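For reference, the structure is listed below as structure tokens.
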Amino acid sequence: MSTSRRRKAAKAAYHHGDLRAGLLRSAAVILEEQGVAALSLRETARRAGVSHNAPYRHFADRDALLAALAAEGFAQLDAALDAGGQAGPRGRGEAYVRFALEHPQRFRLMFGGTLRLDAHPALREAAAQTYAGLTRAFAALTGREGAAVAAAAAWSLTHGLAQLLLDGHFAQVRRGEQDLAGFVREVLGAVRFARAR
């Protein structure tokens, strides 16, 4: 969706009475276009076509808006992982990396340490639900006892790969010498070496 269409959608949502959703849509556009540093309640209000005081009806301050965006990101990530899970654990890993690369600024907000989970209960709950979903998926493969460790290991590997790609590492992929999706699949498939003794 183009930027101008997203702005119109955000304004339309407000005029139909869903101010919070409209503000979150506007904030998401700013976040992905300009990064977290450019995100403010005032700019979000301007993009949504509402008064600069309107966001305070739903967000006490900028951190509350950021926490809501991050919580929304965890819900989106959870849905992406569920969809990827149809292809098994590697499919979930591929979905995780794809989410990070398609939503780099949201991903950085979710995991960048800008927000303390203990200060934002809804964000903490959203992050916990994502991990719980991953743990349930591994319980089907490893049994309940090993699921938490398997989920933590998978998350660590996949998150590290996503972060390295976002930060511009793996020059062969950046230069187009190696297919990104194929590279991710190979790296995630290499986790089998950990089972060999």
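The values are calculated or read from the model by the stated rules, or taken from the named source; none is laboratory data. Note that the structure is predicted; figures quoted are calculated from it, not measured. Glycine gets a Cβ as well: all are built from the backbone with ideal geometry, and neighbour counts include every protein chain shown.
A few remarks follow.
- Hits in segment 117-126 (condition: among the aliphatic types (A, V, I, L, M), in contact (Cβ under 8 Å) with a residue 40 or more places away in the chain and either surrounded by 13 or more Cβ atoms within 10 Å (Cβ to Cβ) or in the same structural domain as A28 (by TED's automatic domain parsing) (or both)): A122, L123, A126
- Meets criteria (of a type in the set (A, V, I, L, M, F, W, C), loosely packed, with under 13 Cβ neighbours inside 10 Å and modelled with pLDDT under 95) for L141: yes
- Checked against the criterion of being assigned to a helix (DSSP H, G or I) and within 29 Å of A38 (Cβ to Cβ), the candidates L134, L109, L157 yield just one match: L109.
- Residues that are modelled with pLDDT of 90 or more, loosely packed, with under 12 Cβ neighbours inside 10 Å and either aliphatic (A, V, I, L, M) or closer than 30 Å to L66 by Cβ (or both) occur in segment 101-116; there is at least one.
- If the condition is being more than 15 Å from the chain's Cα centre (by Cα) and farther than 13 Å from F74 by Cβ, then segment 94-120 contributes R116, D118, A119.
So that you can scan it fast, the table gives a plain yes or no per residue for (1) more than 21 Å from P104 (Cβ to Cβ); (2) in a helix (DSSP H, G or I); (3) acidic (D, E); (4) within 12 Å of the chain's Cα centre (by Cα):
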{"site": "E43", "(1), (2), (3), (4)": "no, yes, yes, no"}
{"site": "R47", "(1), (2), (3), (4)": "no, yes, no, no"}
{"site": "S51", "(1), (2), (3), (4)": "yes, no, no, no"}
{"site": "Y56", "(1), (2), (3), (4)": "yes, yes, no, no"}
{"site": "F59", "(1), (2), (3), (4)": "yes, no, no, no"}
{"site": "A64", "(1), (2), (3), (4)": "yes, yes, no, no"}
{"site": "L69", "(1), (2), (3), (4)": "no, yes, no, yes"}
{"site": "F74", "(1), (2), (3), (4)": "no, yes, no, yes"}
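- Scanning segment 186-197 finds no residues that are small (G, A, S) and on the phi > 0 side of the Ramachandran plot.
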